[in-house]
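The values are calculated or read from the model by the stated rules, or taken from the named source; none is laboratory data. From a predicted model like this one, the values you see are computed outputs, not experimental measurements. Please note: Cβ atoms are built from the backbone with ideal geometry, for glycine as well, and neighbour counts cover all protein chains shown. Areas reflect the complete protein model, heavy atoms only, side chains present, ligands, DNA and RNA absent. Shrake-Rupley method; radii C 1.70, N 1.55, O 1.52, S 1.80 Å.
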Amino acid sequence: MGLLEWSYGELCLSNRHTLPGMKLGVSHKTGQRWSLTSWLADDTPATGAFTLEWDPKGVQLVMRRQGMIYWNSGAIKRDSFGGGTFFDFVSSTSIYDLKNVTNEEEEYFTYSVNNEYDEQYRKGKSKLLLDYKGLLQDADRLQIINVEECYGYNTDDGCAKWEQPKCRGSNMKFETRSGGFTKPAGDYDMGVYDNNGSLSRSDCRAQCWNDCDCLGFRANGGTGCLFWRGKDLKFEQDYSGATVRLDLLVKSSSGGKKVSWKAAVIAISVLVPIFAILFYIGWKLKLQASMDTFLQGKSLNSSQTLVSSGRNYSLGFFSIDKNSISDKNKSYITTKTELMKVGLRQCVENQPILPGD
């Protein structure tokens, strides 16, 4: 694997592909390009499929697989609060001081470890490793770049898009599982072996992805690939994990699209006020219907009480012996009832309720 090492201010690359001065970029004076290239396999130091390089025009890091753009970091940015630099699609950048240099002679990217992390992280020593799967990590630290989820149909986390086979879609991906394929008769299918020693794991994956009959594969280090083809094959998973693992092509119902936290926050901030407004409108319409029922003289439940919007007034039901009321008082009650109707109507229309006596 490519190994990028920084120690006490001096940068060097300790594998067969040299990067003078630990620079990712280009020399305009000599025309030389500096990049980081993966190994073919963990134990095979031959040239692998992935290359990490600096794009001066886009001011970003670019990962290529067999020469084709596979992933990009997004343009380097400066934090307006802390003053540090970062990339949108690179993890753990707060640990580093990222720097891009542009002058007449050269354009390049370099990095160092923040002073506050020196004691915690290897006392000032940092090693960037680009492995055969396209994973960039700093020795024993968290991963920095991971391109395993790039399939060419999505742009999540910096992935690039490219032309897809008609048989593949955004609901498909490879998952590493323990198990094997069986034929309709029940016996195990041993797969088809391609002994091309120059094929890396990513090459095996690309071949299987582009073959509509391929259901899974296994990469055998730097010695070729094992493929399983045929629609009549059935995968039987070994949940104990004892069987040799392979990469299985699976389909998901989610369409393979992830929702970012930013999109979720925006959606919530838009939907909550909408639902609140709809709830308020529904409540007003329900209250209006209740008022209309009362004002039209239709019967209401004797146990109900109508309350004004400010909860300052309420109207309930009470029993009265009409034979004990004088004609004068009957007229008074009729007048008060009309005032109450007007008051309730004004309550519904958000006007002040008429006072009593």
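The set of residues in the range 74-131 being of a type in the set (S, T, N, Q) and at pLDDT 85 or above consists of 100, 102, 103, 110.
Given the residues 189, 213, 194, 203, which is the only one that is exposed (fewer than 13 other Cβ atoms within 10 Å of the Cβ), among the charged types (D, E, K, R) and out of contact with any Asp or Glu (no Cβ under 8 Å at 6 or more places or on another chain)?
Values: 189 fails: exposed (fewer than 13 other Cβ atoms within 10 Å of the Cβ); 194 fails: exposed (fewer than 13 other Cβ atoms within 10 Å of the Cβ); 203 fails: exposed (fewer than 13 other Cβ atoms within 10 Å of the Cβ).
None of the other options fit; the residue is 213.
When the range 180-206 is filtered for residues that are under 16 Å from residue 238 (Cα atoms) and in contact with a Lys or Arg (Cβ under 8 Å, 6 or more places away or on another chain), the ones remaining, listed by number, are 181, 182, 189.
Scanning the range 27-60 for residues that are among the hydroxyl-bearing types (Ser, Thr, Tyr), surrounded by fewer than 18 Cβ atoms within 10 Å (Cβ to Cβ) and either at pLDDT below 90 or assigned to a strand (DSSP E or B) (or both) yields 27, 44, 47.
Checking each residue in the range 221-245 for being closer than 16 Å to residue 205 by Cβ, open to solvent by 80 Å² or more (accessible area, probe 1.4 Å) and modelled with pLDDT under 95 picks out only 245.
Taking into account only those residues within the range 131-145 that are under 20 Å from the mean Cα position of the chain (by Cα) and touching a residue at least 40 places away in the same chain (Cβ under 8 Å), which is most open to solvent (accessible area, probe 1.4 Å)?
Filtering the range 131-145 for residues that are under 20 Å from the mean Cα position of the chain (by Cα) and touching a residue at least 40 places away in the same chain (Cβ under 8 Å), the one most open to solvent (accessible area, probe 1.4 Å) comes out as 142.
Sort out which residues of the range 150-167 are under 25 Å from residue 231 (Cα atoms), loosely packed, with under 14 Cβ neighbours inside 10 Å and not basic (Lys, Arg), and write them in order of number. Residues satisfying the conditions are 163, 165, 167.
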